[in-house]
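Peer 1: Before I ask anything, here is the structure I am working with.
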Amino acid sequence: MESCADCGAEERGNMKVTVYNCRAFDEKALFEKYGKELGIELVLCPDAPDEENASLAQGSQCIDILTSRMPEELVAVFAGYGVKYITTRTIGYDHIDVKAAKRLGMTVANAPYGPCGVADYTVMLILMTIRKMKRIMERTNIQDYSLKGIQGKELKDLTVGVIGTGRIGRMVLQNLSGFGCKLLAYDLYENEEVKASGVPYVMLEEIWSQADVITLHAPLTDDNFHMINAETVSKMKDGVMIVNTARGALIDSEALISGIESGKIGGAGLDVVENEFGLYYYDHKSDILNNRELAVLRGFPNVTVSHHMAFYTDDCVNTVVRDSLMGCKYFVEGKENPWEV
Ligand code: NAI
């Protein structure tokens, strides 16, 4: 991998931001463009932040990271180097120990991009799951043009339960409204726009008992860790299909595997899985990996797995790079910052 020294810091004014996990093939040029426009000096590091490369942040009030883990100990190392602001180029921020950062006097922010990329991808995973697309693609690749085992379902005949009706969940509901399926919503807080559209909010128990497809769009919190577990799976309809583009730990992988094995769960589309940290966004072709659940899930013919990339569109990449730097600028200039968490 390119060394941090090679990827180049540029002198662009007196404000400095150290960027970790900077991807040379898509983000670097955007960082350079927006760094110049905003008058920000950048240190671009291709690696995830760790105790060794934390020294790159010396003299930066702000660091800009991706979904690598930022536990208390690492946050403290950065605080020791004088970092006061951590921005993540993601919507979710459960990978950062926010409480520890706040205790250390630091501010944490995210950089939410538009919901369309993830919402489109969710609908694609729903369709792929109900139409058994993984099996179909595997067959065509080996010229197996048989039909047995790939009969699918139509959305108009199904009830879709959407858990979490924030920006992405609402866009998924909007996208699905054209398919003629019955829609149910669940959130801790009801949204007026959703209610006005005629989609009913129901209790979670009703989502479990009535939905043919369940799609997750809630952030991961202490309260909803493993919200899909052996007990909740047992309450679901036989053959239920589960799509997760939110966070892996919303689902207990063991319960999901058991549900698939028993046939209780008819299929899944997983853009995120538990314990994906350190795996995703790296080429591990030749490596022995220690995530057994991922290996098992990947192997099922009715489970489509992708590597946390629902966000990965031209629009989203541009927006996160721009807004993560804008947030740093607002912070340093003491202006109101819409992305603080
Ligand atoms: P948002 O903050 O706009 O909406 C989240 C919604 O979830 C809110 O309405 C909130 O009230 C609700 N919620 C919170 N806890 C809940 C619970 N226990 N049960 C039900 N609802 C609950 O967030 P947004 O932008 O819609 O993103 C949703 C999630 O999608 C993010 O937190 C992130 O984990 C995930 N995500 C995944 C991406 C990917 O590439 N796969 C990319 C972007 C986001």
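The values are calculated or read from the model by the stated rules, or taken from the named source; none is laboratory data. Everything numeric in this text was worked out from a predicted model, so none of it was measured. Heads up, the Cβs are rebuilt from the backbone with ideal geometry, glycines too, and the neighbour counts pull from every protein chain shown.
Peer 1: I'm trying to understand the selection: among the residues of the range 184-224, which are more than 19 Å from LEU256 (Cα to Cα), touching a Lys or Arg at 6+ places or on another chain (Cβ under 9 Å) and of a type in the set (D, E, K, R)?
Peer 2: GLU193
Peer 1: While we're here: Taking into account only those residues within the range 28-47 that are touching a residue at least 60 places away in the same chain (Cβ under 8 Å) and surrounded by 18 or more Cβ atoms within 10 Å (Cβ to Cβ), which is nearest to PHE78 (Cα to Cα)?
Peer 2: ILE40
Peer 1: Within the set of pairs 6 or more residues apart or between chains, which connect a residue that is touching a residue at least 12 places away in the same chain (Cβ under 8 Å) inside the range 122-139 to a residue that is among the hydroxyl-bearing types (Ser, Thr, Tyr) and surrounded by 18 or more Cβ atoms within 10 Å (Cβ to Cβ) with Cβ atoms less than 6 Å apart?
Peer 2: THR122/THR215; THR122/THR245; MET128/THR304; LYS134/THR304
Peer 1: Condition first: surrounded by 18 or more Cβ atoms within 10 Å (Cβ to Cβ) and under 28 Å from TYR201 (Cβ atoms). Now tell me which residues in the range 126-152 satisfy that.
Peer 2: Selection gives ILE126, MET128, THR129, ILE130.
Peer 1: Looking at (1) acidic (Asp, Glu); (2) surrounded by fewer than 21 Cβ atoms within 10 Å (Cβ to Cβ); (3) within 16 Å of the ligand (Cβ to nearest atom), which is the one condition that is false for ASP271?
Peer 2: (2)
Peer 1: Inside the range 295-327, can you point out the residues that are part of a helix (DSSP H, G or I) and touching a helix residue (DSSP H, G or I) at 6+ places or on another chain (Cβ under 8 Å)?
Peer 2: Once the filter is applied, which keeps residues that are part of a helix (DSSP H, G or I) and touching a helix residue (DSSP H, G or I) at 6+ places or on another chain (Cβ under 8 Å), the range 295-327 yields VAL296, LEU297, ASP315, CYS316, VAL317, ASN318, VAL321, ARG322, LEU325, MET326.
Peer 1: Also, I was wondering about something else. Considering only residues that are crowded, with 19+ Cβ neighbours inside 10 Å and either touching a residue at least 40 places away in the same chain (Cβ under 8 Å) or on the phi > 0 side of the Ramachandran plot (or both), which ones fall in the range 84-106?
Peer 2: TYR85, THR87, THR88, ARG89, THR90, ILE91, TYR93
Peer 1: In the range 250-268, what residues are more than 16 Å from the ligand (Cβ to nearest atom) and closer than 22 Å to TYR93 by Cα?
Peer 2: SER253
Peer 1: Just give me the residues in the range 113-124 being assigned to a loop (DSSP other than H, G, I, E, B) and either surrounded by fewer than 22 Cβ atoms within 10 Å (Cβ to Cβ) or not aromatic (Phe, Trp, Tyr) (or both), in sequence order.
Peer 2: Within the range 113-124, GLY114, PRO115 qualify.
Peer 1: Also, quick follow-up: Within the range 304-320, is there a residue that is more than 16 Å from the ligand (Cβ to nearest atom) and either among the β-branched types (Val, Ile, Thr) or without any contact (Cβ under 8 Å) to a residue 24 or more places away in the chain (or both)?
Peer 2: no
Peer 1: Going by the conditions given, is ALA196 free of Cβ contacts under 8 Å to residues at least 40 places away in the same chain and touching a helix residue (DSSP H, G or I) at 6+ places or on another chain (Cβ under 6 Å)?
Peer 2: For ALA196, the condition - free of Cβ contacts under 8 Å to residues at least 40 places away in the same chain and touching a helix residue (DSSP H, G or I) at 6+ places or on another chain (Cβ under 6 Å) - is not met.
Peer 1: Just for the range 131-175: of the residues that are among the β-branched types (Val, Ile, Thr) and out of contact with any Asp or Glu (no Cβ under 8 Å at 6 or more places or on another chain), which one is farthest from LEU188 (Cα to Cα)?
Peer 2: Among them, the one singled out is ILE142.
Peer 1: Working carefully through the options ARG23, ARG12, find the one that is modelled with pLDDT under 95, of a type outside the set (A, V, I, L, M) and assigned to a loop (DSSP other than H, G, I, E, B).
Peer 2: One residue alone meets the criteria, ARG12.
Peer 1: Can you find, within the range 182-197, the residue that is farthest from the chain's Cα centre (by Cα) among those that are within 23 Å of LEU125 (Cα to Cα), outside any loop (DSSP other than H, G, I, E, B) and within 12 Å of the ligand (Cβ to nearest atom)?
Peer 2: VAL194
Peer 1: For the range 293-307, state whether one or more residues are within 29 Å of ALA29 (Cβ to Cβ) and in contact with a Phe, Trp or Tyr (Cβ under 7 Å, 6 or more places away or on another chain).
Peer 2: Yes: one or more hits.
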